[in-house]
1. Of 557, 472, 538, which residue is closer than 26 Å to residue 599 by Cβ and touching a residue at least 60 places away in the same chain (Cβ under 8 Å)?
2. Where in the stretch 563-646 are there strands (runs of 3 or more DSSP E), lying fully within it, with 1 or more residues that are open to solvent by 60 Å² or more (accessible area, probe 1.4 Å) and either modelled with pLDDT of 95 or more or among the polar types (S, T, N, Q) (or both)?
3. Test each condition in (1) in a helix (DSSP H, G or I); (2) in contact with a Pro (Cβ under 8 Å, 6 or more places away or on another chain) for residue 296 and report the one that comes out false.
4. Among all residue pairs at least 6 apart or on different chains, which show Cβ distances below 8 Å where the first residue, located in the stretch 180-194, is under 12 Å from residue 167 (Cα atoms) and at pLDDT 90 or above and the second is surrounded by fewer than 17 Cβ atoms within 10 Å (Cβ to Cβ) and among the small types (Gly, Ala, Ser)?
5. So, in the stretch 514-534, how many residues would count as being surrounded by 14 or more Cβ atoms within 10 Å (Cβ to Cβ) and either modelled with pLDDT under 90 or among the acidic types (Asp, Glu) (or both)?
6. Taking strands (runs of 3 or more DSSP E) that fall entirely within the stretch 388-493, which contain at least 2 residues that are open to solvent by 10 Å² or more (accessible area, probe 1.4 Å) and touching a helix residue (DSSP H, G or I) at 6+ places or on another chain (Cβ under 8 Å)?
7. Here are 235, 216, 248: which of them is more than 19 Å from residue 292 (Cβ to Cβ), touching a helix residue (DSSP H, G or I) at 6+ places or on another chain (Cβ under 9 Å) and either open to solvent by 20 Å² or more (accessible area, probe 1.4 Å) or of a type outside the set (Val, Ile, Thr) (or both)?
Amino acid sequence: MTAQRGRSAFLTSTALLLVGALLAPAAAAPRRQHPEASRSAMLPDAGDVGPADVGLERIGTGDDARASLSRLVAEPGSVLDAYAPTRHGADAAAGPDAGPKRVSAADALVTGAVPSSRPASAPALAPAAAPVAGPAGPDPLAYGPVTPGAPVLDAATLQHALEVWLGPEPLRGLRSMPAAVAEEKRYDARLAVRDFYASRGFAPLWVVDGRFDAPARSVLARIDRAAEDGLDLRATPVSVPNGGDAAALAASELSLTEAAADYARQASGGRIDPSRIGELVAAKPEVALPGRVLAALRDASDAGEALRGFNPPHRGYLLLRAKLAEMRRGADMTAGGPIPAGPALKAGMKDARVPLVRARFGLDIAADASDGLVYDTRVASAVADYQRAHGMPASGVLTPRTVASLSGGHPKRLEDEIVANMERWRWLPRDLGQRYVAVNIPDYSLDVYDGERPIHHARVVVGKPGHETPIFSEAMKFIIVNPYWNVPLSIVNKEMMPKLAADPNYFENHGYEVVEKGGETYVRQPPGDSNALGRIKFMFPNKFAVYLHDTNAKGYFNKDERALSHGCVRVDQPFKLAEAVLGRDRGWTEARVEGMVGGGERTVNLPRPVQVHIGYFTAFVDETGQLRLRDDVYGYSAKVRAALGLSS
């Protein structure tokens, strides 16, 4: 009833205004709405609205005005065409003839713009399809007035633009053709976008009153900074609206939607298929689907931060991200000028060039050092990391080649290596688990975390090239003390059978048993000091039959390069690891587990599963904030850089 009275009052006031306009002098100056007025307020009182505010210039004068007045009385809804729903206090749009325009990145936060490679005006779309029935809109009295002539992106135009943008469905099933597979994925992603808009009656998500609204500008600001997370959105430029007709606004709407969906896809791990890096790279990132992305941005209080949230939340990723920003801000390796040529420097030597080398790596003189000219182990370690990242022998010796490289320009190769490692963080589950085990193959290390807190660290031996340790995540469920070693068939065929041919008693002489079970014959090694698995193994069932285990070859842990196994991960200090995963708070101490050694196999189920993540990181930031680099043992990092299109 209140709405009806409001509508009646509005129509009566407007009719009186129209009559007054017919009688008033043509030169009467229109009154402007105060710039501070809220655009989401009720319709203005008729006495406060001048002719320009109700669009009398579009009604006309004389006979045309009288005809319009008659139509207003007969069709009261027609006057409401000058009003549209508003959100977030968006400013009035430019005139209807203005098209999308290019703006600088610096204007993004103010105007909602990002640099765009689209033409200055969007191509015209085909005539709009018939309007689609949708849910009833808000009461017209809740609409705020818009600038006269401001373009409106209606549901019918947006629906038609989506259908044109979607295009015909491609042929399916051509899995042997990468281009066909890519086309399928592109179509499916766009279909999901179309379905999202259909679920909201084809109402725009970003365009209001001919401009991007506040959430859109927040998303644009994040897209403009995509490079901070190593992302590349050049293939999805955004066309920023500046008025234009409904078709141009629809093009701008869809360009921002596509860019936001592409950002989230890349951020969540959809830029590279990990399985293309190596057949034993079994990581399966959960790539964000467009419908989920758009729904999250629609419901977020800060759409830009919600978009950024599709990147990994892990501390290791965030530290690399910060290190990348640090390098790009000012860690230009030539900032102090070239380093003079001179003799090669080894740890312990003195040279006047050492302070310049320290400055390159941001190293202070050690507190216990008496001479800043000493080429100490900290400097040598930083030089070794730099050499490794730039394809030089990582000797730590300041060679003439290293000096030339340090004096030659920005370390683009190092930036690319950081970005490639950030990409591999996207392969991990977003939730690593409350307590989890992380194995880093290139670092030959294992760490156990309780939340963000490391509670155990150990050296490991990993698979050698040709017998690579697979990259995947799985849940550890139990451990076995005094394990048998069931020799993999590949080892039996390649290594044992030739020896058996030369010595028929080979198995017996070396303590192996030949067992037949379930119609299959296999070779196993019983528990004992000579067992290849040592005294304990940690089981997280997986298709690779890979696990963590002790070893009877302890000397391998003293080597710097420890890619020496057939694929499983040999662990130093295994009983401390057992304490960490079983839980000292549950009575499982290192001594208690070690006390179970001897006799036959004994299985201990974990109180709760512990996630195991076997990863591959050649660059990481350590606890002191230093960037650490490791050799690309399996060549995976080079393949990731190539897949990302990085030059180095």
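The values are calculated or read from the model by the stated rules, or taken from the named source; none is laboratory data. Keep in mind it's a predicted model, so treat the numbers as computed, not measured. Methodologically, a virtual Cβ is constructed for each residue, glycine included, from the backbone with ideal geometry; neighbour enumeration extends over all protein chains shown. The area values use the complete protein model at the heavy-atom level, side chains included, leaving out ligands, DNA and RNA. Shrake-Rupley method; radii C 1.70, N 1.55, O 1.52, S 1.80 Å.
1. Details: 557 fails: closer than 26 Å to residue 599 by Cβ; 472 fails: closer than 26 Å to residue 599 by Cβ.
From the options 557, 472, 538, the qualifying one is 538.
2. Counting at least 1 such residues, we get 602-615.
3. (2) is the only condition that residue 296 fails.
4. Final answer for the pair search is 187/167; 190/167.
5. Number satisfying all stated conditions: 1.
6. Here the list reads 453-463.
7. On the way: 216 fails: more than 19 Å from residue 292 (Cβ to Cβ); 248 fails: touching a helix residue (DSSP H, G or I) at 6+ places or on another chain (Cβ under 9 Å).
After applying the criteria, what remains is 235.
So that you can scan it fast, the table gives a plain yes or no per residue for (1) of a type in the set (Asp, Glu); (2) modelled with pLDDT of 95 or more; (3) in contact with a helix residue (DSSP H, G or I) (Cβ under 9 Å, 6 or more places away or on another chain); (4) part of a loop (DSSP other than H, G, I, E, B):
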position: 312; (1), (2), (3), (4): no, yes, yes, yes
position: 317; (1), (2), (3), (4): no, yes, yes, no
position: 321; (1), (2), (3), (4): no, yes, yes, no
position: 324; (1), (2), (3), (4): no, no, yes, no
position: 337; (1), (2), (3), (4): no, no, yes, yes
position: 357; (1), (2), (3), (4): no, no, yes, no
position: 368; (1), (2), (3), (4): yes, no, no, yes
